[in-house]
Amino acid sequence: MFNFATGLAIWCSEAMTLALVLFVAWRHNVRNEAYLYWGLGFLLTGIGFAMVALRGEIPSVLSVEAGNAIALLGQSAWVAGFLALDRKRIEWWALLPPAIWLAGVFLPWVNSDYSNRVVLYNLASATGATALAMAVAAGDMRRERTRIKLMGVFILQGCLCFGSALTMALTMPSDIEATNLGGASAMASAFLLTIAFAFTCRLIMERSERHLRALTLTDSLTGVLNRRGLLGYFDGIQERAHNEQRQVAVILFDLDHFKRVNDRFGHQSGDAVLTAFARMARQYIPNNIFGRMGGEEFAAFAAVADQTEAEAIAEAIRTEFCRLPVSTGEAIVPVTVSIGIALASSIEANIDKLISAADRALYAAKAAGRNCTVTFGEAEAAAPAPATPSSTAGELVPTVDDQVEALRRMRTLSRAG
């Protein structure tokens, strides 16, 4: 015969230990509410099963009705934990396990029959396992493949509980047989929960590793890619350009007179300018392949149809940044940006040569008076860098103001003629 009290005692001690571990983890990271909910889940499960184990020592309503409801409420807390892990709001169906138990346990033909109570508990537990599977599936299954295994464990647990309930409902066992069957089902569920806990730990570790990896590839001030992270995307851009028969463009940005901004308005204002430019510019770059190369210099990689498309991207960013009010709290900081573009075919594209060519184009833009864009086409980008960069190299892209002024002069000349 299954020793029901011993099994409950083992599970209670395990649940309390896991609850303590999770509460300590939550204290170290209070922003992650998942640890708190999971800890509450194990705590409630441990308390509930302890009350069930004290049947005969405490009033029946506390041992049977309340104890099982508290244990099932622990499942609801686990569901809330998985939803909190993905920053989702707690859904009403998370409370179904204790609700099903409380809705049925006070029915006379259930309350007075031990086998029927076991059947009801297993049905409520199967509902809880299903809710856990739903909560896990609500996350990013494509990026976090461990979720598939975790969801499989909860589905298996739900099938186990439902199968146990169905078997008992059909066979109508005696109290001793119901105890043995229910105990075996409970121990199997506890074993599956232990596996689920291991998969959950693995899920959190993988997420932490992914977060740390993202931090190493992200600029801490602006939130865009850093130099290392940006360079890692070049091969993908080159492959995409080859597949789509497009060109590879490297676009370098350098904020004009940035040292003056720091000297006049302070470094905090300089940081605000860098952040504002990064937030604005990345919106114009396809697939957000945009990052900070260092200091006040930024870069973007893009697969473009031709030179015109690359220049359109650069000019959209330049003109928008001119109009962007960067407030420091006390004053509006006037800022502009110079841009250098280098282009190459997908076959000839070389990251070092393109960055070098874009840097020479950027130097030419600075020499041309700043707040403008200079483009090096395929021939210029492929040429070796001169010992001394020429301020006349490259193709200066006319600004919108230049084009408007040219039209005005043409109209004046036509009237004079």
So which residues in segment 56-96 are assigned to a loop (DSSP other than H, G, I, E, B) and under 21 Å from ALA186 (Cα atoms), if there are any at all? GLY56
Segment 340-369, residues that are in contact with a helix residue (DSSP H, G or I) (Cβ under 6 Å, 6 or more places away or on another chain) and open to solvent by 60 Å² or more (accessible area, probe 1.4 Å): none
VAL61 is checked against (1) open to solvent by 50 Å² or more (accessible area, probe 1.4 Å); (2) hydrophobic (A, V, I, L, M, F, W, C); (3) at pLDDT 90 or above; (4) within 35 Å of the chain's Cα centre (by Cα) and fails just one. What number does that condition carry? (4)
Note on segment 30-49: residues open to solvent by less than 60 Å² (accessible area, probe 1.4 Å) and either modelled with pLDDT under 90 or polar (S, T, N, Q) (or both) are ASN32, THR45, PHE49
Of the criteria (1) within 25 Å of GLY236 (Cβ to Cβ); (2) open to solvent by less than 10 Å² (accessible area, probe 1.4 Å); (3) aromatic (Phe, Trp, Tyr), which one TYR284 fails: (2)
Quickly run through segment 112-140 and pick out the residues that are touching a residue at least 24 places away in the same chain (Cβ under 8 Å) and of a type in the set (Gly, Ala, Ser). SER115, ALA124, SER125, ALA126, GLY128, ALA129, ALA131, ALA133, ALA135, ALA138, GLY139
Taking the conditions exactly as written (within 25 Å of ILE148 (Cα to Cα) and of a type in the set (Gly, Ala, Ser)), does ALA50 satisfy them or not? no
Mind listing just one residue for me: the one in segment 86-126 that is of a type in the set (Lys, Arg) and within 27 Å of ASN29 (Cβ to Cβ) and, of those, surrounded by the most Cβ atoms within 10 Å (Cβ to Cβ)? LYS88
State all residues of segment 184-222 that are open to solvent by 50 Å² or more (accessible area, probe 1.4 Å) and part of a loop (DSSP other than H, G, I, E, B); if no residue qualifies, say none. LEU217, SER220, LEU221
So which residues in segment 270-310 are part of a strand (DSSP E or B), closer than 18 Å to PHE376 by Cα and of a type in the set (A, V, I, L, M), if there are any at all? ALA299, ALA300, ALA302, ALA303, VAL304
Mind listing just one residue for me: the one in segment 305-339 that is at pLDDT 90 or above and farther than 16 Å from ALA281 by Cα and, of those, most open to solvent (accessible area, probe 1.4 Å)? THR308
Within segment 328-354, the residues that are among the polar types (S, T, N, Q) and without any contact (Cβ under 8 Å) to a residue 40 or more places away in the chain are ASN350
So which residues in segment 266-306 are on the phi > 0 side of the Ramachandran plot and not polar (S, T, N, Q), if there are any at all? GLY266, GLY294, GLY295
Of a type in the set (A, V, I, L, M), free of Cβ contacts under 8 Å to residues at least 40 places away in the same chain, farther than 18 Å from ALA198 by Cβ and not in a helix (DSSP H, G or I) - does that describe any residue in segment 27-47? yes
Filtering segment 370-383 down to residues that are open to solvent by 30 Å² or more (accessible area, probe 1.4 Å) and closer than 26 Å to THR275 by Cβ yields ARG370, ASN371
Looking at LEU83, LEU72, which one is farther than 19 Å from VAL119 by Cα, open to solvent by less than 40 Å² (accessible area, probe 1.4 Å) and touching a residue at least 40 places away in the same chain (Cβ under 8 Å)? LEU83
Filter result (charged (D, E, K, R) and assigned to a helix (DSSP H, G or I)) within segment 100-148: ARG117, ARG147
Those residues of segment 259-269 which are part of a helix (DSSP H, G or I) and either loosely packed, with under 14 Cβ neighbours inside 10 Å or in contact (Cβ under 8 Å) with a residue 40 or more places away in the chain (or both), in sequence order: LYS259, ARG260, VAL261, ASP263, ARG264, PHE265, HIS267, GLN268, SER269
Taking only segment 135-162 into account, find how many residues are within 18 Å of ILE90 (Cα to Cα), of a type outside the set (D, E, K, R) and surrounded by fewer than 18 Cβ atoms within 10 Å (Cβ to Cβ). 2
Any chance LEU230 is open to solvent by less than 50 Å² (accessible area, probe 1.4 Å) and under 28 Å from PHE49 (Cα atoms): no
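The values are calculated or read from the model by the stated rules, or taken from the named source; none is laboratory data. Keep in mind that this is a model prediction, so the values were computed, not measured. Positions of Cβ are generated from backbone atoms using ideal geometry, with glycine treated the same way; all protein chains shown enter the neighbour counts. For the accessible areas, the whole protein counts, side chains as well, though only heavy atoms, and no ligand, DNA or RNA atoms are used. Shrake-Rupley method; radii C 1.70, N 1.55, O 1.52, S 1.80 Å.
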